[in-house]
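Undergrad: Structure below; questions to follow.
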Amino acid sequence: MPVRQLVIQVRRKLAKRRVGRLIGARAIEREIRRGRLLPAEQCPSLSTIKRILREHHLVSHSRPKGPPYYPQPTPTPDYTIQTMDWMVRYLEGGAKCYAFHSLDLSVRDLYQSLRKDKRAATAEAHALATWENLGIPQAIQIDNDAAWCGSLKIPRYFSRFMRLALWLGIELIFIPVAEPERNGAIERINGLWSQQFWNLRHFDSWARVRRSSPQFVEWYHTHYEPPALGRQTPAEARRHIQRRYLTPAERQAIPKQLPLTAGRIHFICLVDSEGDIRILREVWHIDRRLAGQYVWATLVLHERRLRIYYRRSAQVRPRLVKVFRYSLDEPVVALQPQFQRLARRRNVFTML
């Protein structure tokens, strides 16, 4: 019997034991030697057994101590990041009030719009108003809600919101599914609005909310001092920055049918027990050894490549662990010159 087949067979036999279920390379080597399953001179070494087990994904890996490292995106003076989210509250009689919030993570500048629904067109209108008021960022960090992603069932589906961001030269950063705390800055804004505005008043009509909410925005900008700014208000912090704003003419020129534009979409994913991640309704196998760890996946549309990076801790450099071909059923157009705000794109390593 070939050595490879014998090693796998012995490993399976040991895994079925009711007592003393040791299945590592040393236990397999001992079983082969003591059972005289091979002549002594043909017994595989421990390193050979380990290699065979790795190649057949039969290695048991102990989980690292402590929580896994999370690659948190951070803005820089040259790379602005905004984050967006929405929350819902109910008016007297059951009507819904959706509060959409956008936040500039560098200076905590806030834009708010109140809506009666969270349809894709509503999310787009909020985003466009954000970029007219807060400026066009280099990236936006969002969750996986249908307001941003569109269909949650069709593989490789790019929503109009995603296409809109790419058209304007904005990179998208999706936080892990079902982990809203990873968008903590905007979640705190939602909570602040609830505590310092909604819970302090009684609203019996939509019109009353619309009239009153600007008071919260004004208070936030001129009186509130976000912990991230120390003793500055957002109004004070934004005096020292410059932003490139979306113009009315540029908004008017956005195509009704948006193509895919050259750019990058990033996904922060938790690797499952099988070593897989899910991106745009598709499963991608990474490595079972990374189960329980976070990876950073970057889809480069114009290259039709999906790159997977892993960083064990803040003290070590990220490493590229996988590259996949990513076919597309439509062409990718070049980014228009007026939206090419950076001489070069930010190195993905600095984002981890």
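The values are calculated or read from the model by the stated rules, or taken from the named source; none is laboratory data. The model shown is predicted, which means the values in this text are computed figures rather than measured ones. Cβ placement follows ideal geometry from the backbone for every residue including glycine, while neighbour counts extend to all protein chains displayed.
Undergrad: Would you mind finding the one in 148, 131 that is within 22 Å of the chain's Cα centre (by Cα), at pLDDT 95 or above and either over 21 Å from residue 191 (Cα atoms) or not polar (S, T, N, Q) (or both)?
TA: Matching residue, one of 148, 131: 131.
Undergrad: Which of the strands (runs of 3 or more DSSP E) contained wholly in region 225-317 include at least 1 residues that are within 26 Å of residue 106 (Cβ to Cβ)?
TA: 264-270, 294-300, 305-310
Undergrad: Here is a further query. Got a sec? Which of 112, 138 is within 16 Å of the chain's Cα centre (by Cα) and of a type in the set (S, T, N, Q)?
TA: Only one candidate passes the filter, namely 138.
Undergrad: Against the definition (outside any loop (DSSP other than H, G, I, E, B), touching a residue at least 12 places away in the same chain (Cβ under 8 Å) and surrounded by fewer than 18 Cβ atoms within 10 Å (Cβ to Cβ)), how does residue 219 come out, yes or no?
TA: Here the answer is yes, as residue 219 does meet what is asked.
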